[in-house]
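The values are calculated or read from the model by the stated rules, or taken from the named source; none is laboratory data. Just so it is clear, the structure is predicted and the values come from calculations on it, not from any experiment. Neighbour counts are summed over all protein chains in view; Cβ atoms, including those assigned to glycine, are modelled from backbone coordinates with ideal geometry.
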Amino acid sequence: MLTLKKITPIINNSMVRWWIVGIAFMAINIVLLDWFKGTLNWSLSWATVASAEICTITRYVINDCWVFGNPHPSWKRCGEYHIANASSFFVWCFIIIALGEKLQVDHRIAALLATVVSVCLSMATNFLWIWRRTPQSKSVGTPREKLQATSEK
């Protein structure tokens, strides 16, 4: 039987939390896009930009605090997160165009492959750049682990 005791170590894993946030915001982005486009009658371009930016900023705060355990978001990490998102988006577009237009791969297959690559790039930039552990803090742990360690004393 699945109990809270068994689920807690899984949910406390940064990678699992990162995926939970990413999948949730994929759905939230679609709802926001539909609301801006359908309800407010915004153009598709403005609806896309607005929903993407709202989701990016909100997802950054949740990733920074909940996924990676930082007590306060920083402008530096927020900027890096925007750069990481932009680079993943660029790679996604490039792959779809390269596969679809240049190599005549079906656009749905191209989009799927582009999504796999851009998610891997996003994961790498998030875990290895923005929220990387420095050698000094590696032995001590994440901010969440440090907080837990001090509260247990």
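For the reader, a short list of remarks on this structure follows.
- Considering the range 96-119, the residues that are within 29 Å of Asn13 (Cβ to Cβ) and in contact with a Leu (Cβ under 8 Å, 6 or more places away or on another chain) include one that is surrounded by the most Cβ atoms within 10 Å (Cβ to Cβ), namely Ala114.
- Selection of the range 94-130 for residues being among the charged types (D, E, K, R) and in a helix (DSSP H, G or I) yields Glu101, Lys102, Arg108.
- Test: residue in the range 24-41 that is within 18 Å of Thr125 (Cβ to Cβ) and either surrounded by 17 or more Cβ atoms within 10 Å (Cβ to Cβ) or not basic (Lys, Arg) (or both): yes
- Sole residue being out of contact with any Lys or Arg (no Cβ under 9 Å at 6 or more places or on another chain), within 30 Å of Ser74 (Cα to Cα) and surrounded by fewer than 16 Cβ atoms within 10 Å (Cβ to Cβ), chosen from Trp129, Trp92: Trp129
- Pairs are defined by a Cβ separation below 6 Å, a sequence spacing of at least 6 or placement on different chains, a first member in the range 121-144 that is within 14 Å of Val67 (Cα to Cα), and a second member that is at pLDDT 90 or above and surrounded by 14 or more Cβ atoms within 10 Å (Cβ to Cβ); the pairs so defined are Ile130/Arg77; Ile130/Glu80; Ile130/Tyr81; Trp131/Phe68; Thr142/Gly69; Pro143/Gly69; Pro143/Asn70; Arg144/Gly69.
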